[in-house]
Amino acid sequence: MNLTTDTYSIFVLLLALFTLGATFLAAYSFANTVRLRNVRLSWKSGKLYGYPLFSTLFMLSAATVGGWVLYHDMSSYYAIMGSYSWMGLCWFVSSYFSSKAYITDHGIVKNINDPSQTIAWHQVDDYVEKPAEKGIDYVFIYHERQRETLKQTRLIRLELFVPDKKSAKFDKLVTLKIGKTMTSVSDTSFDIKAFD
């Protein structure tokens, strides 16, 4: 039994499992995006010019090291760098789709992979909007409902940042969907974090 060979085999096995997991996550995120119907608005909300920060940096790093490996013709590392590059691409795809905000005819989808960050327009009990730098911060308040008893259990909030270039269309859509039954609280001084 050679410790170096065993360690290398475990490393390659773990790399293969993570690459497979990243592929499934990217496919799941893409499938969730394709399933959305009647999307009226969407925008990127990542930290790096609208793109997700860590997955973008990982993908660029893997591509850079992969290019270096190709340039120096290090053929024994082709499979490993190919796995890292593919994993970086899959992580980027899943992060990109899950960080986008989607506004549909049915409601707000803040994270495509997290049902707790999705609300239907009819669930909104109240909302607050506050001007922010380069956009508007919205806080939507709604009750969590249990399916079995249809009871309202607890108050939940969903925070959503809407960039300036999308705010006029978003405001029209909010007015159309829920503005007839309630009006927003705006142009008043309050701490938006007080809704915790």
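The values are calculated or read from the model by the stated rules, or taken from the named source; none is laboratory data. Since the structure is predicted, the reported quantities are computational estimates derived from the model, not experimental observations. Ideal geometry is used to build each Cβ from the backbone, glycine not excepted, and the neighbour counts take in all protein chains shown. When the accessible area is computed, the model is the full protein with side chains, heavy atoms only, and any ligands, DNA or RNA have been set aside. Shrake-Rupley method; radii C 1.70, N 1.55, O 1.52, S 1.80 Å.
For segment 3-101, what is the Kirkwood hydrodynamic radius in Å, using each pair of distinct C-alpha atoms?
15.0 Å
At 222 nm, what helix-only mean residue ellipticity would the chain give, in deg cm²/dmol to the nearest 500, using -39500 (n - 2.57) for each DSSP H run of four or more?
Calculated from helices alone, the mean residue ellipticity at 222 nm is -15500 deg cm²/dmol.
Among 71, 49, 138, which one moves the most in a GNM of the chain with springs linking Cα atoms closer than 10 Å?
Of 71, 49, 138, the Gaussian network model singles out 71 as fluctuating most.
Can you give the relative contact order of segment 105-178 as a percent, counting alpha carbon pairs under 8 Å and 6+ residues apart?
Here the relative contact order equals 23 percent.
If you split all Cα-Cα distances of the chain into 5 Å bins from zero, what percentages do you get per bin, shortest first?
Binned Cα distances yield the sequence 1, 7, 12, 15, 15, 12, 10, 8, 6, 6, 4, 3, 1, 0, 0.
On the protein heavy atoms, probe 1.4 angstrom, tell me the percent of accessible surface of the chain carried by carbon and sulfur.
Heavy-atom surface of the chain belonging to carbon and sulfur, 1.4 Å probe: 62 percent.
Taking the square root of 5 times each eigenvalue of the Cα gyration tensor, what semi-axes in Å does the equivalent ellipsoid of segment 105-178 have, largest first?
Working through the eigenvalues yields semi-axes of 24, 12, 12 Å.
Any chance you could give the angle, 0 to 90 degrees and rounded to 10, that helix 78-99 forms with the longest Cα principal axis of the chain?
For 78-99 against the chain, the angle is about 0 degrees.
For helix 3-35, report the angle its Cα long axis makes with the longest principal axis of the Cα atoms of the chain; keep it between 0 and 90° and round to the nearest 10°.
30 degrees
Which one, 112, 80, 103, has the greatest fluctuation when you compute a Gaussian network model over the chain with C-alpha springs under 10 angstrom?
Greatest mean-square fluctuation among the candidates belongs to 80.
Considering only protein heavy atoms, what per residue accessible area in square angstrom results for segment 3-101 with a 1.4 angstrom probe?
Spelled out: the 1.4 Å probe surface of segment 3-101, per residue, equals 66 Å².
7 Å from Cα along Cα→Cβ at both residue 79 and residue 122: what's the point-to-point distance in nm?
5.5 nm
Mind telling me which of 31, 62, 22 comes out most flexible in a GNM of the chain, alpha-carbon contacts under 10 Å?
Taking springs between Cα atoms under 10 Å, the residue moving most is 31.
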